[in-house]
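Let me begin by presenting the structure, written as structure tokens, before commenting on it.
The values are calculated or read from the model by the stated rules, or taken from the named source; none is laboratory data. The shown structure was predicted, so the numbers you read here are calculated from the model rather than taken from an experiment. Backbone-built Cβ (ideal geometry, glycine too); neighbour counts: all protein chains shown. The accessibility values were calculated without ligands, DNA or RNA, using every heavy atom of the protein model including side chains. Shrake-Rupley method; radii C 1.70, N 1.55, O 1.52, S 1.80 Å.
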Amino acid sequence: MRVSNYLLSTQKETPANAEVASHQLMLRAGFIRRNASGLYSWLPSGLRVLRKVEAIIREEMDKAGAIEILMPLVQPADLWVETGRWEKFGPELLRFQDRHNRDFVLGPTHEEVITDLVRKEVSSYKQLPLSLYQVQTKFRDEVRPRFGVMRAREFLMKDAYSFHLNQECMDKTYAAMHEAYNNIFKRMGLAFRSVIADTGSIGGDTSHEFHVLANSGEDLIAYSTGSDYAANIEKAESPEPTATLAAPSQEMNLVDTPNAKTIAELVEQFNIDITKTVKTLIVKGATEEAPLVALIVRGDHELNELKAEKHELVLSPFEFASDEEIKDVIGAGPGSLGPVGLEMPIIIDKDVAVINDFSAGANQEGKHFFGINWERDLPMAQAMDIRNVVEGEATPDGQGVYAFARGIEVGHIFQLGTNYSEAMGATVLDENGKSKVMMMGCYGAGVSRIVAAAIEQNHDERGMMLPETLAPFTVGILPMNMHKSHRVKEMAEQLYKDLAAEGIEILLDDRKERPGVMFNDMELVGLPHVVVIGDRNIDAGVFEYKNRRTGEKQDIPFDQIVDFIK
Ligand code: ATP
Ligand code: MG
Ligand code: MG
Ligand code: MG
């Protein structure tokens, strides 16, 4: 590719409203442009990376025995009514009607559609196991889209679904998929971790998330220093609850509200038992005489935050006591927990205070963790001051102690059991001609989020440093004064041809730009190898080579450059 025929669209200034490095760099390097909140166009360089992510995922899915299909983004409501998710799914589900007033949704996920497809296509155990996957646009009306394509509303996901006659078969495919995910992220050169995960609103029993480790990650992972044990903090197993409140620090004060209290004060005043479930906590924490409700909210904190801002989420203690209410407000079924993260609101009657960087929650077994003053750049140890999964504490498997890391959820796999197939009557005839409900697994990977996560993990102050498997081009050719020097032009064209003949992807900067500008662009876009061609090195019989990651410079004789790079 020649820059003169390309849309490089780089920019020097760090864009306002882009908080994390990957978002800033994706804008600066001309990877993406925002169309509206959570909606992005992919420019050529970004798209090249996105396609590489897709290609690696496809190869590993194919290897794992999954077969590619494509399902519609727009889905009929009827299917969602069948599984009950038409009622259960919160406002992330975008619903609309066609001209005949029929209800539809923009698919946030495809369990309903795939189960409908398979119940019609598959009737015998002989057709099982079956794994199908697609790479398709998803739409989730995220309450606060942020960090560019990291949390978009429209995004690209690879979603696979497997169908089985029995648990043994399910386990086998699940293990193969787990392995495929390991391969995917290894091939991308990313530092990642597979962790035990909560199944959330998709449902099911066994589940793992794959996290790219990065300080900007929204999730917290608890892992053992002495074994492979690792879990999303939502799922981390703790010894018996031992939570004690640390001395309240400055940041724990609720500011700008007449009822300003520290969390410690709230807990004391309302005798909140933080060793019980959140629901119990809510009920215990409020009485009729004290209409003040201290609610440590779990679930979709962003939704809650928004509601809190709008003063919609103001509930008396008794209104809040029923499961239905909880379901309604939090958007998750009783007993299940949605994601717990930063910026949990604490709501005090009509005075709504949103405490940033406070997190609280409980897992399904009613065991708790509490985090406070959990700020992006605070050392994790400080963030852990109230929590019963404590850094340095022994682990559930008796090996090593707990440590914490931040992660970006890039993949999530589940054993769904018969949750969907049962509700939708997806059955096959077994060997004895008896009808059996199929077991299902589902396996998601955030294709577009992976691009951002990879950049989050691979950049420096000059720009991106994507691994070779993901970089938009492998080699940049920088001819100096090509428009004046015939020799330079000829050399550049020859090198382009020689590298292209090896199937290497090249970006040749043939603009009439100053060398500094060209260099900066190559570094910003992060091409792994840069070759400079000028009259001086032609005289010396060498190319000037620079490695983006190591910064190392080297003179390489003309006849060795192709071998050196490939
Ligand atoms: P999160 O916890 O970040 O909201 P999720 O658990 O809701 O993600 P899943 O339902 O597990 O997401 O979907 C599978 C994958 O799709 C996720 O692991 C993630 O990589 C990706 N994904 C989910 N939501 C988004 C989004 N809003 N923008 C980009 N990618 C997303
Ligand atoms: Mg999640
Ligand atoms: Mg989500
Ligand atoms: Mg998930």
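Observations
- Phi to ³J(HN,Hα) by Karplus 6.51 cos²θ - 1.76 cosθ + 1.60 over the range 494-503, Hz, x for Gly, Pro: 5, 4, 4, 4, 5, 6, 4, 4, 8, x
- For the range 6-104, applying the loop criterion from DSSP together with a ceiling of 14 other beta carbons within 10 Å to the GluC sites (Glu not before Pro) yields Glu13, Glu19.
- The phi-based Karplus calculation (6.51 cos²θ - 1.76 cosθ + 1.60; θ = phi - 60°) puts the 3J(HN,Hα) values of the range 113-121 at 5, 5, 5, 4, 4, 6, 5, 8, 8 Hz, whole numbers, x for Gly and Pro.
- Relative to its residue count, the range 383-515 spans a Cα convex hull of 295 Å³ per residue.
- Mean accessible surface per residue for the range 485-566, computed with a 1.4 Å probe while every protein chain stays in place, in Å²: 51 Å²
- Rounded to the nearest 10 Å², the accessible area of Asp62 at probe 1.4 Å: 80 Å²
- Calculated FRET value between Leu7 and Asp397, using beta carbons and R₀ = 45 Å, to 0.05: 0.30
- Reported value for the range 146-197: 127 Å³ per residue, from the convex hull of its C-alpha atoms.
- Nonpolar atom fraction for the range 468-566, defined as the carbon and sulfur part of the 1.4 Å probe accessible area, stands at 47 percent.
- Counted residue by residue at 0.36 nm each, then reduced by the alpha carbon distance between them, the extension gain from Ala175 to Val74 reaches 33.2 nm.
- Accessible surface, the range 140-193, averaged per residue in Å² (probe 1.4 Å): 37 Å²
- 10 Å binning of all Cα-Cα separations within the range 509-558, expressed as whole percents from 0 upward: 25, 53, 23
- Between Thr418 and His100, the FRET efficiency from the beta-carbon distance, with R0 = 30 Å, is close to 0.35.
- Projecting label points 7 angstrom from Cα along Cα→Cβ for His483 and Asp498 puts them 2.7 nm apart.
- The orientation-averaged shadow of the Cα convex hull for the range 83-183, equal to a quarter of the hull surface, comes to 9.0 nm².
- q = 0.09, 0.12, 0.13, 0.14 Å⁻¹: log10 I(q)/I(0) that the Debye formula gives for the range 120-242, counting C-alpha atoms only: -0.35, -0.61, -0.72, -0.83
- Computed label-point distance, nm, for sites Glu168 and Glu552 using a 7 Å Cα→Cβ extension: 5.3 nm
- Cross-link pairs Lys63/Lys126; Lys158/Lys436; Lys12/Lys63; Lys52/Lys126 - those with Cα-Cα distance over 32 Å: Lys12/Lys63; Lys52/Lys126
- Within the assembled protein chains, the solvent-accessible surface assigned to Ile67 is about 90 Å², based on a 1.4 Å probe.
- Heavy-atom accessible surface of the range 403-451, averaged per residue, reaches 30 Å², computed with a 1.4 Å probe.
- Given in Å, the Rg to one decimal and the Dmax to the nearest whole number for the Cα atoms of the range 1-143 are 19.7, 60.
- Each label was represented as a point 7 Å from its Cα along the Cα-to-Cβ direction; for Lys186 and Leu117 these points are 2.9 nm apart.
- Per-residue HN-Hα couplings for the range 222-228 [Karplus 6.51, -1.76, 1.60; θ = phi - 60°; Hz; x = Gly/Pro]: 9, 9, 8, 7, x, 7, 7
- Here the accessible area is traced with a 1.4 Å probe on the protein chains. For the range 10-126, carbon and sulfur cover 50 percent of it.
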